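The values are calculated or read from the model by the stated rules, or taken from the named source; none is laboratory data. In this text the structure is predicted, and so the values were computed from the model without any measurement. Note that each Cβ is placed from the backbone with ideal geometry, even for glycine, and that neighbours are counted across all protein chains shown.
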Amino acid sequence: MTDIPTRSAFAGPKDYFALLKPRVMSLVIFTALVGMVAAVAGGASIQPGLAAASLLAIAVGAGASGALNMWWDADIDAVMARTVSRPIPQGLVPKSEAAGFGLLLSALSVALLALASNYVAAGLLAFTIFFYVVIYSMWLKRSTPQNIVIGGAAGALPPVVAWAAASGSAPLDAWILFLIIFLWTPPHFWALALYREGDYARAGVPMMPNVAGESSTKRQIFSYSIMLAVAGVAPYATGLGDVLYLATSSAFGAGFLMLAWRVLKSPPKSKEAPKQLFAFSILYLFALFAALLAEDLFALYA
Amino acid sequence: MPEIDLSPEEKKQRSQRNVAIALGLTAFIIVVFLVTILKISGNIDGTP
């Protein structure tokens, strides 16, 4: 089944930790924290200790889905420069152990979230893991260039899960946070795919640039960027965000649009503009959520 | 089962894996205990 030479006796704890995709996990913890604090600022109440345990459960759930993704996509990871150093392609962790590790952590994280908060949040976390692993990794990733568009829902759910953990429900404002991450995902990943196109083509993954072509991808990046810039200011309209948020989301939305425009107008095969957009997209999401967090903490404690 | 000879480096990694599993299980037990205590204390005044 696999010709990866096993070096599993050399695997240390850090290799299992790497299965959890720590960098993705840190973004999940951050967006979930913002969702939770926003819920509390909106009147929900959760004990700080239970809030911390809930965030831990959400983080571990995200890590578990990362491990299951690496189990399923080990063949893809082995041929892509970006992922070849992951523990399974390196032969450090056998595929079956990654699967077991991911399943165990999935079950424990959902159970812990049910204990620490409520069944709505636990159900949403279970759905998030299911969506990322089964709908995205197993089904969409290899079959359609819309893979990361639809799959983006999994990455967009953590603030909703955390909102539900604090309040027991998922109101419109929680889904606005979902929408921002959801619309952010396509330009973020397509910018990456534009300068890593060869990688995905070699792995046989139907990413937009190697299916619809470069210029179509650039147009779609720009379309999503317009929708993102609009959705980005929506929290101000509903009262979820205040003036600091409005200023941040407007400025960063304009910056995002400008870089997406540069990608649109960049000559074929040039990597510079997509690289800049990719880097800025991470900053964009961080800035918007940090602005919300700052406002909510100020409202709660000042 | 035949004996498998592990190099000192492999033995070191194995013991590190064992310690990590022990710490992970202990942490999980402590977290569940603390969550239980917090949940109970949150309900101790009798309000539903």
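Let's see how each residue does on (1) at the interface with chain A (Cβ under 9 Å from one of its Cβ atoms); (2) at pLDDT below 90:
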residue: B:Pro8; (1), (2): no, yes
residue: B:Ala20; (1), (2): yes, no
residue: B:Thr26; (1), (2): no, no
residue: B:Leu38; (1), (2): yes, no
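Select from region B:2-48 the residues that are among the basic types (Lys, Arg) and closer than 30 Å to A:Ser8 by Cα and list them in ascending order. I'd like the intermediate steps shown before the answer.
Of region B:2-48, the ones among the basic types (Lys, Arg) are B:11-12, B:14, B:17, B:39.
Answer for region B:2-48, where residues must be among the basic types (Lys, Arg) and closer than 30 Å to A:Ser8 by Cα: B:Lys11, B:Lys12, B:Arg14, B:Arg17.
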Query - Only listed residue being buried (at least 17 other Cβ atoms within 10 Å of the Cβ), more than 21 Å from A:Ala18 (Cα to Cα) and modelled with pLDDT of 95 or more, chosen from A:Leu112, A:Leu105 - result: A:Leu112
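Only one residue in A:Ala59, A:Ala39, A:Ala9 is at pLDDT below 95, assigned to a helix (DSSP H, G or I) and either surrounded by fewer than 17 Cβ atoms within 10 Å (Cβ to Cβ) or within 24 Å of the chain's Cα centre (by Cα) (or both), so which one is that? Let's see the steps before the verdict.
Working: A:Ala59 fails: at pLDDT below 95; A:Ala39 fails: at pLDDT below 95.
Just one listed residue meets the conditions, A:Ala9.
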**Report entry** Hits in region A:72-102 (condition: within 14 Å of chain B (Cβ to nearest Cβ), crowded, with 18+ Cβ neighbours inside 10 Å and assigned to a loop (DSSP other than H, G, I, E, B))
**Finding:** A:Pro87, A:Gln90, A:Leu92, A:Val93, A:Pro94
Query raised in the report: Does A:Ala53 count as at the interface with another protein chain (Cβ under 9 Å from one of its Cβ atoms), part of a helix (DSSP H, G or I), closer than 30 Å to B:Gln13 by Cα and of a type outside the set (Asp, Glu)?
Result: yes
